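A short worksheet on the structure shown next.
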Amino acid sequence: MLLCAAALHAAHAQKREYIDDIRAAAEKAWKDDPSVVGEWKKHADPNVLWGYNPPAHPVYCAAVCGFLYEQTHERVYAERAAALLGSYGDLRSSIPKGYASSRIEYENGVPSLTNFFFLPPYVRAFLAIRESGVLAGPEREKIESEIAGSVDFIFRFPEWGAHNRAMLRAEALAYAALALPSHPHAPKWREMARVIASDNVRAWEIEDASNYNPVWLHALFSYASAAGDSLVYTSPFMKYYMEYYTRLISPAGTVPDFGDASWNSASGGLRLVAVFEKGAASFRDPALKWAAQSVYTTAKRRETVLGIDEAYHLADAFRWCADDLDVRVPSGGSREVLDDVVGKKIVFRSGWDSSASYLLLNYRDEGDGGWLSRRNLRQTITVEEEKMTHGHADENSISLLMDRGSVLLHDGGYRDSLPSGRYGAWRQDYFHNRVIARKNKRDGSQSLLSFVRNFGAYRRVKTEKIDFLSLRSVDMSRTRVVDEELGYRWDRVITWVRDPGYYVVVDGIQAIRPDYFTFASLWHAGTVLERGEHYFDIVTDSVPGYRFPKGRSLLVYFPETYAKTEGVEDERRHSQEEHVVYQAVSSQYGALDMELFVTVLVPHDRSASPRSFIPGIRLLPTSAPYRAVALEITRGKVKSTLFVRLDLDMELARENVRPRYLYGLGKVSFGDFETDAHFLYAEETPDSIRYSASNMLKVVYRGKALMEALPNTHGLQPDGGPDNHVGFSKWRYWEDAISLNGKGQ
């Protein structure tokens with residue numbers, strides 16, 4: 001892609017724009033600080049959870065003023081930073097008399113900074129101004145004493161593990177040792193920083209939350225600067241994370257919210273801008289430069305003057321920015337992000353601009369990595385409602401669906417209280433766009449939410465990718481959740497029919513053990529515009545603090561209705577009143593019995609009637625009901641057929657031979673087709689047929705084989721079987737276009 005002159009100019013002017021925004025934020029923050037602190041003092045009673053919890057505003061303001069002094073050498077900024085740092089400890093005068101004796105960690109006195117988030121900016125502010133000449137001896141000694149006492153406080157709870165809170169502690173300890181190298185405790189600080197950081201440096205993080213992943217990355221980069229560990233920036237792990245977050249960026253201009261996060265919180269504090277700038281400079285990658293600009297532009301749209309905490313992180317974006325690097329929009333469409341071991345996400349996208357179609361599927365489970373970190377968290381802090389840590393019960397959930405700027409499906413948001421909100425808000429499975437399962441029968445007069453709700457203790461499941469393909473006309477994914485405790489496995493197959501832009505979601509569920517289950521397919525929205533026979537038209541025009549374009553709405557259509565109930569219920573989600581649309585079924589299931597849901601999602605102009613799309617969509621009968629699904633979509637002279645086989649084992653011979661695939665066992669007939677494929681999509685016109693199929697031996701259309709695997713002799717059979725066994729090997733996938741008069745296209 002050619003880079004336009006305007007983009008080049010923007011890249012080279014980026015540092016000027018950053019520092020202008022930082023300066024404006026600093027001026028506003030300095031003016032606001034007395035009122036911010038005064039308001040805090042009105043409600044400064046210690047918190048039962050956090051204890052003494054002084055405000056962040058003065059610390060970030062001091063750090064930003066210190067940065068501006070470094071860049072401009074204007075003495076006024078150093079004076080402001082010194083005043084803020086020197087007076088911060090005085091806020092302890094608000095502590096009630098005798099309070100220190102109520103908590104064991106205050107036995108040596110209440111530290112100036114009890115929040116480990118604030119320690120790095122405080123110390124960095126001191127580093128920026130300590131040689132400026134504005135600090136008299138007593139003032140400097142007071143600040144150094146505040147640093148030492150506050151950093152020593154970390155040893156009360158030196159939380160460790162591969163996650164953001166640990167890395168923030170390591171960052172604070174490293175900067176304290178850098179600022180006070182002669183302090184008698186400096187070797188201890190330096191060693192504890194190294195110990196805590198060791199689980200994070202050149203390693204995978206255990207968190208799956210777009211609010212906290214940037215916190216971890218920024219703290220890791222900042223620690224590396226203090227500790228002099230430049231290898232952090234260029235490790236294979238870091239290259240992975242840079243690619244991972246870039247590929248997640250949505251048409252809204254930033255990483256979508258998943259796990260503990262709210263809309264646009266991934267760029268909160270502009271940490272991602274700094275992270276992307278460092279990645280761009282380290283890897284000389286113009287796509288990362290684009291990612292930094294995308295998140296920055298999105299954040300700037302929100303407010304004319306950045307918050308002072310945002311300016312603090314933007315200061316690192318300035319420090320780390322490679323102004324000589326060009327900007328390049330990433331290329332490519334739908335893809336896995338970034339693999340099926342660590343990332344476990346799939347993005348369907350039509351492009352990289354704000355009007356693109358975009359769907360994010362998150363099938364990340366807690367995972368097997370970081371066992372010791374996860375165990376320590378589980379045994380140390382209250383995390384019953386979440387994956388370790390900050391992750392939700394959102395496996396196989398659609399976290400975001402956007403089309404032409406409109407937000408059609410979104411995630412559940414962060415908690416509204418500690419340790420979590422009412423009914424486990426918003427971490428539990430019933431707050432996400434996914435299938436949920438419960439034991440026992442739901443009474444017909446009972447609301448769905450009253451049946452499925454609980455306090456929300458997370459139940460661990462395992463997930464895996466079965467397939468992902470980007471084909472000629474469609475993109476498809478198949479991902480699986482296995483819940484051994486409850487006793488079912490669930491495959492979600494998403495097919496994006498790029499023209500006309502429909503998403504077909506097939507959910508196949510198989511009981512592992514006999515039991516009575518209630519299953520429900522949930523879809524969440526701000527408003528239900530229309531409800532009809534087996535369909536709902538839904539929109540979400542805003543979440544707190546953000547308004548979305550209102551041009552599009554989403555038809556949610558359930559073409560498969562046997563023994564199922566449908567409805568809509570009110571809920572509180574993402575800090576606002578919303579609605580959940582559902583289809584549900586309760587029944588007795590034997591071992592290996594199957595259940596299914598079919599949902600067609602149609603983004604469309606809000607002015608169009610949702611009913612107008614339904615006549616062109618119909619379910620086709622198959623020769624293997626509940627073990628396979630076929631759907632027909634008609635648009636003018638084009639008839640599309642979508643087929644998904646749910647039972648992937650029906651094709652396997654009981655005889656212990658290799659290959660075990662037998663076409664006679666796996667074949668399913670539907671409409672004009674017969675095949676043993678796991679997936680097939682075909683488009684027919686009066687003159688031709690185009691098809692894509694995966695994992696198959698044969699595809700038959702109107703009695704004629706369009707493709708067919710060839711026989712082969714397979715020796716070295718197990719259990720001493722004959723060495724001349726003739727079998728058929730499956731093809732991974734195949735695509736072809738055939739004219740109906742027999743000529744290839």
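Numbers for the structure displayed
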| quantity | calculated |
| --- | --- |
| Per-residue ³J(HN,Hα) for the stretch 391-399, Karplus 6.51 cos²θ - 1.76 cosθ + 1.60, θ = phi - 60°, Hz, x for Gly and Pro | x, 9, 7, 10, 4, 6, 8, 8, 7 |
| Label zone at Ser182, where the point sits 7 Å out along the Cα-to-Cβ direction: the stretch 125-165 residues whose backbone N lies under 13 Å | 141 |
| Net charge over other residues, Cβ less than 12 angstrom from the Cβ of Gln717 (K, R count +1; D, E count -1) | -1 |
| Computed FRET value (nearest 0.05) for Glu139 with His73, which takes r as the C-beta separation and R₀ as 22 Å | 0.65 |
| Solvent exposure ordering (accessible area, 1.4 Å, most first) of Leu619, Leu400 | Leu619, Leu400 |
| The stretch 399-455 - percent of accessible surface contributed by carbon and sulfur, probe 1.4 Å | 45 percent |
| Surface accessible to a 1.4 Å probe, per residue, for the residues of the stretch 16-159, Å² | 46 Å² |
| Peptide ranges 449-457, 513-521, 143-151 listed from the most packed, as the mean C-beta count within 10 angstrom indicates | 143-151, 513-521, 449-457 |
| 13 Å beta-carbon shell around Val657, net charge (K/R +1, D/E -1) | 0 |
| Within the accessible area of the stretch 507-571 (1.4 Å probe), percent carbon and sulfur | 48 percent |
| Where the stretch 631-703 is the region considered: accessible area per residue in Å², 1.4 Å probe | 40 Å² |
| Cα shape, the stretch 555-626, gyration tensor, a/c 1.5 rule | oblate |
| Glu533-Asn741 pseudo-label distance in nm [points 7 Å out on the Cα-to-Cβ vector] | 4.2 nm |
| Order by protection proxy (mean Cβ within 10 Å, highest first), peptides 118-125, 367-374 | 118-125, 367-374 |
| Euclidean distance of C-alpha centroids, the stretch 401-443 and the stretch 26-74, integer Å | 35 Å |
| Extension reserve of the Arg422-Arg472 stretch, reckoned as 0.36 nm per residue once the Cα distance is removed | 13.4 nm |
| Å² of accessible area per residue within the stretch 237-286, as computed with a 1.4 Å probe and no ligands counted | 18 Å² |
| Degrees, to the nearest 10: 236-248 long Cα axis against longest axis of the chain | 70 degrees |
| Using a Förster distance of 41 Å, the FRET efficiency for Arg658-Lys441 (Cβ separation, nearest 0.05) | 0.40 |
| Angle between the chain longest axis and helix 371-380 axis [Cα atoms, degrees, rounded to 10] | 60 degrees |
| Under 18 Å from the Phe155 label point (7 Å along Cα→beta-carbon), backbone N, the stretch 186-227 | 186-197 |
| With all protein chains modelled, accessible area of Arg364 [1.4 Å, Å²] | 20 Å² |
| Radius 12 Å from Cβ of Ser198, net charge of other residues (Lys, Arg +1; Asp, Glu -1) | -1 |
| Answer label for Cα extents along the principal axes in Å (calculated), chosen among [x] 130, 76, 59; [y] 82, 53, 45; [z] 93, 63, 59 | [z] |
| Loop sites in the stretch 630-695: GluC sites (Glu not before Pro), DSSP, at most 16 other Cβ within 10 Å | Glu655 |
| Shape category assigned to the stretch 320-378 from the gyration tensor of Cα positions, a/c cut at 1.5 | oblate |
| Anchor Lys42: lysines whose Cα lies under 18 Å away (excluding residues fewer than 8 positions away in-chain) | Lys97 |
| Cα lying deepest toward the dipole's positive end in the chain, options Ser417, Thr675, Ala737, charges on Cβ | Ala737 |
| For the stretch 183-259 and the stretch 299-323, distance of Cα centres in Å | 18 Å |
| Tilt relative to the chain, helix 57-72 - C-alpha long axis, 0 to 90 degrees, to 10 | 80 degrees |
| Cross-link pairs Lys15/Lys387; Lys41/Lys142; Lys278/Lys465 - those with Cα-Cα distance over 29 Å | Lys15/Lys387; Lys278/Lys465 |
| Under 20 Å from the Leu592 label point (7 Å along Cα→beta-carbon), backbone N, the stretch 631-674 | 645-669 |
| Estimated vicinal HN-Hα couplings, Hz - the stretch 477-482 in sequence order (Karplus 6.51, -1.76, 1.60; Gly, Pro = x) | 9, 9, 10, 10, 10, 10 |
| Mean projected area in nm² (Cα convex hull; one quarter of hull surface) for the stretch 622-692 | 5.1 nm² |
| Anisotropy class of the stretch 421-473 from Cα gyration tensor, a/c 1.5 cut | prolate |
| In order through the stretch 104-119: 3J(HN,Hα) via Karplus (6.51 cos²θ - 1.76 cosθ + 1.60), integer Hz, x for Gly, Pro | 4, 6, 9, 5, 9, x, 7, x, 5, 10, 8, 9, 5, 4, 8, 5 |
| FRET efficiency, Ala356 to Lys465 (Cβ-Cβ, R0 30 Å, nearest 0.05) | 0.80 |
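The values are calculated or read from the model by the stated rules, or taken from the named source; none is laboratory data. If you're wondering where the values come from, they're calculated on a predicted model, not measured in any experiment. FYI the Cβ positions are ideal-geometry reconstructions off the backbone, even for glycines, and counts take in every protein chain you see. Ligands, DNA and RNA are excluded from the accessible area calculation, which covers all protein heavy atoms including side chains. Shrake-Rupley method; radii C 1.70, N 1.55, O 1.52, S 1.80 Å.
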